[in-house]
Amino acid sequence: MNELESKKLIRQQRAFFYKGRTLPVKTRIHMLKRLRSCILKYQEEIHSALKLDLGKSSFESYMCETGLVLDELRYMLGHIREFSKEKAVPTPLSQFASRSYVTPSPYGVVLIMSPWNYPFLLSLTPLVDAIAAGNTVIVKPSAYAPATAEIVSRIICEVFPPFYAAVVTGGRKENTCLLNEHFDYIFFTGSQHVGKEVMAKAARFLNPVTLELGGKSPCIVEKTANLKLAAKRIVFGKFLNCGQTCVAPDYIYCDRTIKDSLISEIKKQIRKQFTEFPLSNPDYGKIINQKHFHRIVSLIDPSKTVFGGEYDSDRLRIAPTLMDEVSFDDPIMQEEIFGPVLPVLTYDCLDEAISRINSMPHPLALYIFTENRKAAEKATKSCSFGGGCINDVVIHLATSQMGFGGLGESGMGSYHGKAGFDTFTHYKSIVNKKTWMDFPVRYQPYRKSSEKLLKLFLR
């Protein structure tokens, strides 16, 4: 899509929006139901596309992509009427006689830019929230996941006319074209580097933005933790999608006294979950492309690798890898790994761990495994992070009951469920003043008697 085509599409969507065609809740419900039916219709094709792009099994594709989108649709369809109602608020005595209320209003034309690691989930979930709120939408999927981008485009084209919701495919050129245009809201999921570019472009038009980014999410394992269960859950969350998950535990930060036992349990779990030969496991995925493959391989230090380390450059597969004796100065600790490599670092006391984590950029997620309630409270209250879990990993994003988002360097804003509806909604505050009464207090000329009444009302 070139500049003229993008301008035309945005103009068409804005014209459609200003006709008020997206405002009726019945229309939004109808379109969301059509979307759900279409996803169910193309479920096998979606999973085939995810297999081609990322090597995902059908089970993982449903668990982490299709199923979560369907769940978001179910939640939104069940709550959209409630979310869309205006809400009366108390009116101060100084505003008598009047009625005050807050009414939800869509922003208008929304741009959703989605990443390649969960290309279906992270394209469709914000779409659901934006449509539910009454916006028109342009979705720009990642060029790194072309098969999924194609099925996303097919679904959206089948459900929506282009002036309601459309897909723009392509790479950097198309991204630039879109970001040079005026949108009413921009929702971006991706790297911190590109997120900064998006925000800079948005500033030109003062476009509001939501940025879902990433960072080095720590996984604290405290000395009282159930190590067997901790290892089981950490291995699941870290190596899901070959570590290409924005909220995957980026590194383990454990009490020095339990490190060896924890590493032993993690090794057992890798063998159990991925077999002795993970590179031959048909349910184990692949790295998205050569560029990311070589970047991840370069981070593996053979002298510190205690498990795994094997890779297959032809099939873009890297075995689940565990590194020990890692320090914060090592190359692997200088950037988000975003791959199946798990470094283990140690601390001597929990206060030391908290202090170190807070000295680094705010992570998107934080996890702590502990049987000590006070330790869990201390870590979750003292550290700054987007969201997280106690005694589990990644699952906090798999619910529509809570908002999901980052903080500081890991992003701004949130979505999912009510938080998603709110993200794509402007709440108008309105006072409806009655005409049958008009107190003269506020009008000039000001009098002493009026001042006394003013102080009675405003105090």
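Can you compute the modelled spin-label distance between residue 334 and residue 223, with each label point 7 Å from Cα toward Cβ, in nm?
3.4
Under 5 Å between amide hydrogens, which residues at least 5 positions from residue 107 or on another chain qualify, with H placed 1.01 Å from N in the peptide plane?
Here the answer is 426, since their amide H atoms fall under 5 Å of that of residue 107.
Quick one: what are the phi-derived ³J(HN,Hα) couplings along the range 194-203, Karplus 6.51/-1.76/1.60 with θ = phi - 60°, whole Hz, x for glycine and proline?
Karplus-based 3J(HN,Hα) across the range 194-203 equals 5, x, 5, 5, 4, 5, 5, 5, 5, 4 Hz.
Rounded to the nearest 20 debye, what is the charge dipole size of the range 218-405 about its Cα centre when +1 sits on each Lys and Arg Cβ and -1 on each Asp and Glu Cβ? List each step's numbers first, then the result.
Details: 22 positive and 23 negative charges, 106 e Å.
Once rounded to the nearest 20, the dipole reads 500 debye.
Along the range 107-116, what does the Karplus equation 6.51 cos²θ - 1.76 cosθ + 1.60 (θ = phi - 60°) give for ³J(HN,Hα), rounded to whole Hz, x for Gly and Pro?
Residue by residue, the range 107-116 yields 5, x, 8, 10, 9, 10, 10, 10, x, 8 Hz.
Quick one: dipole size for the chain, taken about the Cα centre, charges +1 on Lys/Arg Cβ and -1 on Asp/Glu Cβ, in debye to the nearest 20. Let's see the in-between values first.
Values: 59 positive and 46 negative charges, 544 e Å.
Approximately 2620 debye in magnitude.
Dividing the Cα radius of gyration by the Kirkwood radius, what Rg/Rh value follows for the chain?
Details: Rg = 25.3 Å, Rh = 24.1 Å.
We get a ratio of 1.05 for the chain.
Taking 0.36 nm per intervening residue step and subtracting the Cα-Cα distance, what contour gain separates residue 281 from residue 325 on full extension? It would help to have the intermediate numbers written out before the result.
Values: separation 44, 0.36 × 44 = 15.84 nm, distance 2.85 nm.
That works out to 13.0 nm of additional length.
Compute the Kirkwood hydrodynamic radius of the range 346-432, taking the inverse of the mean of 1/r over all pairs of distinct Cα atoms, and give it in Å to one decimal.
Values: mean 1/r = 0.0682 Å⁻¹.
Kirkwood radius, the range 346-432: 14.7 Å.
Can you list the trypsin sites (Lys or Arg not before Pro) in the range 234-323 that are in a DSSP coil and have 11 or fewer other beta carbons within 10 angstrom? Intermediate results must be reported in sequence, preceding the final value.
On the way: sites: 238, 256, 259, 267, 268, 271, 272, 286, 291, 295, 304, 315, 317; in loops: 286, 315.
For trypsin sites (Lys or Arg not before Pro) across the range 234-323 that sit outside H, G, I, E and B with at most 11 neighbouring Cβ atoms in 10 Å, the list is empty.
Please state the charge dipole magnitude for the range 272-327, taken about the Cα centre, from unit charges on C-beta atoms (+1 on K and R, -1 on D and E), reported in debye and rounded to the nearest 20.
Numbers: 7 positive and 8 negative charges, 54 e Å.
Its charge dipole is roughly 260 debye.
In the chain, which longest range has no GluC sites (Glu not before Pro) that are both DSSP loop (not H, G, I, E or B) and surrounded by at most 15 other Cβ atoms within 10 Å?
Working: sites that count: 86, 276, 310, 325, 335, 371.
The answer is 87-275.
Take 424, 274 and order them by how many other Cβ atoms sit within 10 Å, fewest up front.
Working: 424 28, 274 20.
With the fewest neighbours first, 424, 274 line up as 274, 424.
Compare the Cα positions of 111, 277, 147 along the charge dipole of the chain (+1 at Cβ of Lys, Arg; -1 at Cβ of Asp, Glu; about the Cα centre) and return the one farthest towards the positive end.
Farthest towards the positive end: 111.
Determine, for 185, 443, 62, 311, the number of other Cβ atoms within 10 Å of each Cβ, and report the residues in order from fewest to most.
443, 62, 311, 185
Kindly count the pairs of lysines across the range 218-405 whose alpha carbons are less than 12 Å apart, treating pairs on different chains or eight or more residues apart as eligible. Mind showing how you got there, number by number?
Values: 223/259; 228/267; 228/268; 232/267; 232/268; 232/272.
Here the count comes out as 6.
To the nearest 500 deg cm²/dmol, what mean residue ellipticity at 222 nm is calculated for the chain from DSSP H runs of n ≥ 4 alone, each contributing -39,500 (n - 2.57), summed and divided by the residues?
Values: 16 runs with 187 residues, N = 459.
Dividing the helical sum by the residues of the chain leaves -12500 deg cm²/dmol.
Give the relative contact order (percent, whole number) for the range 218-405; include only Cα pairs under 8 Å separated by 6+ residues. Don't skip to the end; give the middle numbers.
Values: 324 pairs, mean separation 53.3, N = 188.
Once normalised by length, the contact order is 28 percent.
List the trypsin sites (Lys or Arg not before Pro) within the range 1-37 that fall in a DSSP loop (any state other than H, G, I, E or B) and whose Cβ has at most 15 other Cβ atoms within 10 Å.
19, 21
Quick check for you: which residues of the range 225-259 have the amide N under 17 Å from the point 7 Å beyond the Cα of residue 272 toward its beta carbon?
Once the point is set 7 Å along Cα→Cβ of residue 272, 225-240 turn out to lie under 17 Å by backbone N, inside the range 225-259.
What translational D, rounded to a whole number of µm²/s, comes out for the range 260-318 from Stokes-Einstein when the hydrodynamic radius is the Kirkwood one over Cα pairs, at 25 °C and 0.890 mPa s?
On the way: Rh = 12.6 Å.
Stokes-Einstein gives a translational diffusion coefficient of 195 µm²/s.
Taking H as built 1.01 Å from N, whose amide H comes closer than 5 Å to the amide H of residue 323, not counting residues under 5 places away?
Amide H neighbours of residue 323: 306, 342, 344.
May I ask you to list the trypsin sites (Lys or Arg not before Pro) in the range 130-195 that are in a DSSP loop and have at most 16 other Cβ atoms within 10 Å of their Cβ? Could the numbers behind the result be given before it?
Values: sites: 154, 172, 173; in loops: none.
Here no loop site has a sparse enough neighbourhood.
Can you tell me, using C-alpha contacts under 8 Å and at least 6 residues apart, the relative contact order of the chain as a whole percent?
Contact order relative to length: 18 percent.
Please compute the Cα-Cα pair-distance distribution of the range 295-406 with 10 Å bins starting at 0, giving whole percents from short to long.
Reading upward from the zero bin: 12, 36, 35, 15, 1.
Under the rule of at least 5 residues apart or a separate chain, name every residue whose amide H is placed under 5 Å from the amide H of residue 335.
none
Taking the range 218-405 as the region of interest, what is the percent of Cα-Cα pairs per 5 angstrom bin, listed from the shortest bin to the one with the maximum distance?
Going out from 0 Å in 5 Å bins, the range 218-405 shows 1, 8, 18, 22, 22, 16, 9, 4, 1, 0 percent.
Would you kindly derive the ³J(HN,Hα) couplings of the range 365-380 from the backbone phi angles with the Karplus curve 6.51 cos²θ - 1.76 cosθ + 1.60 (θ = phi - 60°), listing them in order in whole Hz, with x for Gly and Pro?
9, 9, 10, 9, 10, 6, 9, 9, 4, 5, 5, 4, 5, 4, 5, 6
Values quoted throughout were computed directly from the atomic coordinates according to the rules given, and no laboratory measurement underlies them. What you are looking at is a predicted structure, and each value in this text was computed from that prediction instead of being measured. Glycine also receives a Cβ, built like all others from the backbone with ideal geometry; neighbour counts cover every protein chain displayed.
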